[in-house]
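Here the structure comes first, spelled out in structure tokens, and everything after it is commentary.
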Amino acid sequence: MNLKDYIRDIPDFPQPGILFRDITPLLRDAGAFNYTVDQIAQQCQGRDIDAIVAIESRGFLFGAPLACRMAKPFIPVRKQGKLPGETVSVEYSLEYGSNVMEMHLEDVSSGDRVLILDDVLATGGTLAAAAQLVEKAGGKVSSIGLVIELEALEGRKLLEGYDIFSLVQY
């Protein structure tokens, strides 16, 4: 299955000059969605993973079913102020702004090997922030998994030293 057939381009979203890779057609097709989660799970074979950390909000769409499929804990990384317990936070830059991400401090134990999962790698700021959160909590980033990688934005440079896989590259 060619996943690019289920990803559409939306020009000038969320602002002029940005080409948004929209995964809603993929989510709308149960076969393509299931195939995507299967492909991520296959990429995880042989990797030491104790927990799945997924980034709000589209990362949740793939992280939750993957965690169920792999029988691993699901740990959400959310925007500031959305988690009720004690959190650890990181401020980071996006290609079109900045944000603060948080994770419950108790969700990652010292030494936990974590897969960080999101839908897209653009400039790498969000994923780098998630990696910092995991490491601040005492965990180790085992791998970073993505559905889409926008290679021209060179997000891997910001994530140097991490094991990264992506299913689709543009």
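The values are calculated or read from the model by the stated rules, or taken from the named source; none is laboratory data. Model, not experiment: these values are computed from the prediction. Quick reminder, even Gly has a Cβ in these numbers, built from the backbone with ideal geometry, and neighbours come from all protein chains shown. Calculation scope for accessible area: heavy atoms of the full protein, side chains included, ligands and nucleic acids excluded. Shrake-Rupley method; radii C 1.70, N 1.55, O 1.52, S 1.80 Å.
Brief remarks on what is shown
- Efficiency of FRET between LYS79 and ILE10 - r from beta-carbon atoms, R0 25 angstrom, step 0.05: 0.70
- Sites ALA30 and GLU91, calculated FRET efficiency, Cβ-Cβ separation with R0 45 Å, nearest 0.05: 0.75
- Segment 116-130 and segment 66-86: distance between their alpha carbon centers, rounded to Å: 15 Å
- When the Cα positions of PRO16, TYR170, TYR92 are compared along the charge dipole of the chain, TYR170 comes out farthest toward the positive end, with charges on each C-beta of Lys, Arg, Asp and Glu.
- Rolling a 1.4 Å probe over the protein heavy atoms gives segment 1-126 an accessible area of 50 Å² per residue.
- Simple point charges give the picture: +1 on the Cβ of Lys and Arg, -1 on the Cβ of Asp and Glu, and for the chain a dipole about the Cα centre of about 240 debye.
- Backbone phi angles across segment 154-170, fed through the Karplus curve with coefficients 6.51, -1.76 and 1.60 (θ = phi - 60°), yield HN-Hα couplings of 6, x, 4, 4, 6, 10, 3, x, 9, 7, 10, 9, 9, 7, 9, 10, 10 Hz in residue order; Gly and Pro are listed as x.
- Loop-located trypsin sites (Lys or Arg not before Pro) across segment 1-61 with a Cβ neighbour count of 16 or fewer within 10 Å are ARG47, with loop assigned by DSSP.
- Computed over the chain: relative contact order in percent, which uses C-alpha pairs under 8 Å that are six or more apart: 18 percent
- Heavy-atom accessible surface of the chain: percent carbon and sulfur, 1.4 Å: 46 percent
- The GluC sites (Glu not before Pro) found in segment 57-134 that occupy coil by DSSP, while having at most 16 further C-beta atoms within 10 Å, are GLU86, GLU95.
- Inter-label distance for SER98 and ALA152, nm, one decimal - labels placed 7 Å from Cα along Cα-to-Cβ: 2.7 nm
- Considering all different alpha carbon pairs of segment 10-164, the Kirkwood hydrodynamic radius works out to 15.8 Å.
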